[in-house]
Ligand SMILES: Cc1cc2nc3c(=O)[nH]c(=O)nc-3n(C[C@H](O)[C@H](O)[C@H](O)COP(=O)(O)O)c2cc1C
């Protein structure tokens, strides 16, 4: 039995939550991490590139593999392959992705409009899977089709072990406010654990999300980008009633350098320089002259130069603090 009660989940985010970033978030306190979404069809066709998305780091604690697709048979075949080749704790089925290409193929959030097919997928996957199967859904497909509670109930009856609800419709994509009330309605409807997701950004919002949704666990997505210590701060808040840990600008850059070095090890320097850009732009958010720094980073195409630039930036930021200290 997988115990997810009061656990902090890092949301799966395609293009961001690779092994290196998941490892970093785990070191800062994320209890549950999930791969980026992996195409079930690509797995069954033997795609090596897709399989590369599945490897985990030693820092990760409870590990999920997220798959997407629309053919129950293909999904089950993919799980058979995954479980023979990888070590993990649960399979998560994506029924929330809003991307047009995915929706057009009847996958991701489109499944919320087709509960009988979604049920068949969960049944087939749960039948072959040696590990628990969870489902990640949205509030509904659009405002006219808000069905998360009924849909979640069907997922439970089909064999899902827990359910994650992102409180937005597919049409909302990532805009507007996440609806935590609908998550409470899901919680009232099902017996399996519910994970609340959407707009949880710090301890205050985490506390509120638990209060409103009555969920068993919470999941953090965008707020973790360039901000992996959000998990540490939320845990501190729940333990002590308040958050005193502040991460200073030079410390942010220190973590970013560490992250980039690890990325180089995982993906090779060339790829790491390109992939680091999007992460670094989050890490420098809120730092003085962030736009200029980003611009500079985006023009560096060599790992050594990038590291020395970041080291220099870190030293400058630290120096600034020392100046204040000296005056006081
Ligand atoms: C860049 C990006 C990529 C995402 N990729 C996935 C994905 O692969 N699978 C998935 O279930 N959700 C994905 N999501 C949705 C997140 O898991 C999460 O549900 C959403 O961001 C809401 O949570 P937040 O408000 O904490 O960010 C993605 C979101 C973003 C911003």
Starting with the fewest neighbours, write out 158, 109 ranked by other beta-carbon atoms found within 10 Å of each beta-carbon. 158, 109
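Rank these for me by crowding, 166, 279, 73, going from fewest to most other beta carbons within 10 Å.
73, 279, 166
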For region 96-150, would you read off the P(r) tail past 15 Å as a percentage of all alpha carbon pairs? 50
How long is the gain from residue 244 to residue 174 if the chain were fully straight, where each residue apart is worth 0.36 nm and the alpha carbon distance is subtracted? 22.2 nm
I need the calculated FRET efficiency for the pair residue 73 and residue 1, taking r as the beta carbon distance and R₀ as 30 Å, to the nearest 0.05. 0.60
Fewest-first ranking of 261, 170, 299, using other Cβ atoms within 10 Å as the exposure measure: 299, 261, 170
Given axes a ≥ b ≥ c from the Cα gyration tensor, I'd like to know whether region 174-223 is rounded (a/c under 1.5), prolate (a/b larger than b/c) or oblate. prolate
Percent antiparallel among DSSP beta bridges with both residues in the chain, to the nearest 5? 5
Rounded if a/c is under 1.5, else prolate if a/b is larger than b/c, else oblate: which is region 249-320, with a ≥ b ≥ c the root eigenvalues of its Cα gyration tensor? prolate
How high is the FRET efficiency from residue 321 to residue 47, r the C-beta distance, R0 41 Å, rounded to 0.05? 0.30
Treat each spin label as a single point 7 Å out from the Cα along the C-beta direction, and report the residue 83 to residue 123 distance in nm. 1.8
How far is helix 203-213 tilted, in degrees, relative to the longest principal axis of the Cα atoms in the chain, given as a value from 0 to 90 rounded to the nearest 10? 10
Relative compactness, region 8-240, computed as alpha-carbon Rg over 2.2 N^0.38 Å: 0.93
Inter-centroid distance (Cα atoms) of region 63-87 relative to region 184-208, Å: 26
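Here, each number is a calculation from the coordinates, and none is a lab measurement. The shown structure was predicted, so the numbers you read here are calculated from the model rather than taken from an experiment. Heads up, the Cβs are rebuilt from the backbone with ideal geometry, glycines too, and the neighbour counts pull from every protein chain shown.
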